[in-house]
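Everything on this sheet refers to the single structure shown next.
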Amino acid sequence: MNAPLPVLEVEGLTKHFPVERGVLRRAVAWVRAVDGVDFAIDPGETLCLVGESGCGKSTVARMVLRLTEPTSGAIRLSGTDITTLSESAMAPFRRRVQMVFQDPYASLNPRLRVGRIVGEPLENFERLGERERAERVGEILAKVGLRPESANRFPFEFSGGQRQRVGIARALALRPELIVADEPVSALDVSVQAQVLNLLMDLQEEFGLAFLFVSHDLAVVEHIGHRVAVMYLGRVVEVGPKDSVLAEPKHPYTQALIAAAPIADPRARRERLVLEGDVPSPLNPPPGCRFHTRCPFVMPRCREEEPKLQATSDGHLAACHLLDRA
Ligand code: SF4
């Protein structure tokens with residue numbers, strides 16, 4: 001039997017933003033925000049994209065939704081290449097991929113009642129009558145743990161966690177296959193974060209949802225992820241099953257992230273690896289290994305030759321020349 005197609009595949013995904021100057025707005029330089037990223041997500045799976053602020057993870061998420069146009073590379077949804085589809089040709093795919101935003105305050109229109117916010121996608125895509133729509137909205141609100149009468153209230157009447165539940169309900173309305181969640185709990189109180197993560201996991205189980213989950217917080221990733229892709233300066237430097245990557249990180253950058261953010265997994269190895277210096281500018285990434293300016297294990301080869309992702313002994317992939325010595 002053939003394996004099911006991945007819900008999402010990205011191949012060589014790249015985004016270079018121009019830095020424009022002068023009246024004619026000529027591009028004088030390029031910010032290489034994302035520089036050749038590959039990954040796939042299976043149905044019902046959560047892939048977490050992690051890395052420091054500015055590593056390109058949110059740009060990847062926006063490209064998957066075609067909110068930002070890629071410079072090059074391919075995005076496939078269940079095998080169909082959507083990278084260059086026109087807006088009208090994209091319409092049937094739009095409903096299959098939905099987004100949950102970071103800020104539950106800014107992402108909901110304060111002037112609309114919750115019933116309208118959650119019902120709008122149904123109105124746009126399914127042309128349901130008012131009664132049917134209200135029923136569906138009530139069902140969806142119940143799925144995310146909100147009472148049916150919430151439909152008549154405005155976003156400001158809810159707490160942060162409840163507002164994020166409204167955002168999740170809106171994303172769920174069209175029964176998507178994939179939800180792209182960009183730091184969906186980072187604006188919430190710690191006490192509420194676990195509730196929202198558990199809700200997302202319950203919904204995943206019930207609807208077979210796949211998640212592309214962007215986060216800088218390894219504790220969150222540890223909680224919700226099946227697989228993890230670690231990004232540094234626009235590239236994936238380590239990727240694989242969560243347990244393998246977090247317990248046996250092979251890339252020095254992943255090791256430093258884990259050392260800096262204690263996670264609950266007692267098997268995780270914690271070597272004190274403290275990074276010095278800032279992330280270099282994506283305007284001019286270092287040659288060779290992009291991490292070499294901060295890596296405590298840098299070798300002469302690292303300054304010239306970019307390491308490729310290769311299999312580690314623990315069943316995941318990492319891009320580091322140290323693997324050749326193992
Ligand atoms: Fe460090 Fe070299 Fe590995 Fe890059 S390739 S992470 S500089 S050891």
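Across the chain, the mean sequence separation of Cα contacts (distance under 8 Å, 6 or more residues apart), normalised by length, yields a relative contact order of 20 percent.
Under the simplified labelling scheme, the Glu120-Glu132 pair shows an inter-label distance of 2.2 nm, with each label point 7 Å from Cα along Cα→Cβ.
From most to least packed by mean Cβ count within 10 Å, the peptides 162-168, 254-260 give 162-168, 254-260. Think of it this way: in the chain, Cys48, Cys55, Cys295, Cys320 stand alone, with no other Cys Cβ under 4.7 Å.
Close amide H partners of Cys48, meaning residues 5 or more places away or on another chain with modelled amide H under 5 Å apart, are Phe213, His226, Arg227, Val228, Ala229. Anyone know which of Met201, Met299, Met63 comes out most mobile in the 10 Å Cα GNM of the chain? Of the options given, Met299 has the highest mean-square fluctuation.
Taking every DSSP beta bridge that has both ends in the chain, the antiparallel portion is near 60%. The charge dipole of segment 29-112, taken about the Cα centre with unit charges on the Cβ atoms of Lys, Arg (+1) and Asp, Glu (-1), comes to about 340 debye, rounded to the nearest 20.
For the chain, the Cβ-based charge dipole about the Cα centre amounts to some 700 debye (Lys, Arg positive; Asp, Glu negative; other atoms uncharged).
Taking a quarter of the surface of the Cα convex hull of the chain gives a mean projected area of 19.7 nm². Think of each Lys and Arg Cβ as +1 and each Asp and Glu Cβ as -1; about the Cα centre, that makes the dipole of segment 125-265 roughly 360 debye. Helical runs assigned H by DSSP (4 residues or longer) give the chain a calculated mean residue ellipticity at 222 nm of -9000 deg cm²/dmol, each run adding -39500 (n - 2.57) before division by the residue total. Highest mean packing comes first when the peptides 236-249, 96-109 are listed by Cβ atoms within 10 Å, giving 236-249, 96-109.
A short reminder: the numbers here are calculations on the coordinates, not readings from a lab. Owing to the predicted nature of the structure, the values given are computational and were not obtained by experimental measurement. Heads up, the Cβs are rebuilt from the backbone with ideal geometry, glycines too, and the neighbour counts pull from every protein chain shown.
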